[in-house]
Amino acid sequence: MTEATALDFAEIDAHRGLNPVMGVQRVAGSSPYAPSMLVRDKKSGRAVGIVENFAQPGGTAAFVVYIDPLRGRAGYGTEAICLYLSAMFDGGARRITAEVLSFNTDTVGILRKVGFPPQARMREHVYVGGRFWDLVIYSFDRHDWDRVITRYRRKLPGGDRAPAALGPS
C-alpha cells in the first residue's frame, strides 16, 4: 500500500468512525478471502469509500461497506458490493454475512434489491447517536450469490461497461 493510499484509507476510515452504519466491529489482522480495498471514483481518483471483510470460523466472513455520503454517489455502493463479494467467494469464503444497522437504508436497500431477505433482527442492539438501533443480519452462500450476480453481470464492470466507482487502490 502506498503512503497516499494509506492516507486515503485513514481519512475514509475516520469518516466511517463518525458515521457508523454497519454492525461489524473492526478486527485486527487481515482476511484470507479478500484484502480491504478503497473505493475510488474512476474519473477523479478520489477515495469515496472502503470495502473490507473479517474472517469468522468455518469459512464465513462478515463484509463491511462504507461509502462516504459527502463523496459518493448513487451506484457506488452497489458496484463495490457486487465486485467485492464476488472476490470474497473467489477467495474461498463459504458464507458471507452482513450486519447492518437499521437506519442504513442504502445498504438494506441494496441487499433487498438483489433478493437477500434479512436472516435475523436484533432489536435495539447497538447504541449509536444517542439511541439504540436494530441490527439486521444477512447471510448467503456462493449458490445464493451466483443467482444474484447472474442477473446483474451485464450492469457491472466487465459486462457491458467499464467500472465507474472502483479505481486503482
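The values are calculated or read from the model by the stated rules, or taken from the named source; none is laboratory data. Source: prediction; values computed, not measured. When we count neighbours, we look across all protein chains shown, and the Cβ atoms used for this are built from the backbone with ideal geometry, even at glycine.
Checking VAL24 against (1) at pLDDT 85 or above; (2) surrounded by 16 or more Cβ atoms within 10 Å (Cβ to Cβ); (3) under 23 Å from ASP144 (Cα atoms): exactly one of these is not met. Which one?
In the conditions (1) at pLDDT 85 or above; (2) surrounded by 16 or more Cβ atoms within 10 Å (Cβ to Cβ); (3) under 23 Å from ASP144 (Cα atoms), VAL24 misses (1) alone.
Say we look at the range 96-116 and pick out the residues that are in contact (Cβ under 8 Å) with a residue 12 or more places away in the chain, more than 17 Å from TYR152 (Cα to Cα) and not aliphatic (A, V, I, L, M); which of these is surrounded by the fewest Cβ atoms within 10 Å (Cβ to Cβ)?
By that ranking, first place goes to PHE103.
From the list PRO117, PRO20, which one is closer than 15 Å to TYR138 by Cα and part of a loop (DSSP other than H, G, I, E, B)?
Working: PRO20 fails: closer than 15 Å to TYR138 by Cα.
Going through PRO117, PRO20 in turn, just one is closer than 15 Å to TYR138 by Cα and part of a loop (DSSP other than H, G, I, E, B): PRO117.
More than 14 Å from the chain's Cα centre (by Cα), free of Cβ contacts under 8 Å to residues at least 12 places away in the same chain, under 23 Å from SER36 (Cα atoms) and assigned to a loop (DSSP other than H, G, I, E, B): does that describe ALA93?
Details: more than 14 Å from the chain's Cα centre (by Cα): yes; free of Cβ contacts under 8 Å to residues at least 12 places away in the same chain: no; under 23 Å from SER36 (Cα atoms): yes; assigned to a loop (DSSP other than H, G, I, E, B): yes.
For ALA93, the condition - more than 14 Å from the chain's Cα centre (by Cα), free of Cβ contacts under 8 Å to residues at least 12 places away in the same chain, under 23 Å from SER36 (Cα atoms) and assigned to a loop (DSSP other than H, G, I, E, B) - is not met.
Is it the case, given these coordinates, that GLY59 is more than 14 Å from the chain's Cα centre (by Cα) and under 17 Å from ASP144 (Cβ atoms)?
yes
Can you tell which of THR78, THR5 is in contact with a Ser or Thr (Cβ under 7 Å, 6 or more places away or on another chain) and in a helix (DSSP H, G or I)?
One residue alone meets the criteria, THR5.
Residue-by-condition table, conditions (1) in contact with a Leu (Cβ under 7 Å, 6 or more places away or on another chain); (2) modelled with pLDDT of 90 or more; (3) among the charged types (D, E, K, R):
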site: GLY91; (1), (2), (3): no, yes, no
site: ARG94; (1), (2), (3): no, yes, yes
site: SER102; (1), (2), (3): no, yes, no
site: LEU111; (1), (2), (3): no, no, no
site: GLY129; (1), (2), (3): no, no, no
site: LYS155; (1), (2), (3): no, no, yes
site: ARG161; (1), (2), (3): no, no, yes
site: ALA165; (1), (2), (3): no, no, no
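Suppose the filter is among the β-branched types (Val, Ile, Thr), modelled with pLDDT under 85, under 24 Å from VAL126 (Cα atoms) and within 11 Å of the chain's Cα centre (by Cα); does VAL65 pass it?
For VAL65, the condition - among the β-branched types (Val, Ile, Thr), modelled with pLDDT under 85, under 24 Å from VAL126 (Cα atoms) and within 11 Å of the chain's Cα centre (by Cα) - is not met.
Would you call ALA87 part of a loop (DSSP other than H, G, I, E, B), modelled with pLDDT of 85 or more and either closer than 20 Å to ASP146 by Cβ or touching a Leu at 6+ places or on another chain (Cβ under 7 Å) (or both)?
When the stated conditions are applied, ALA87 does not pass them.
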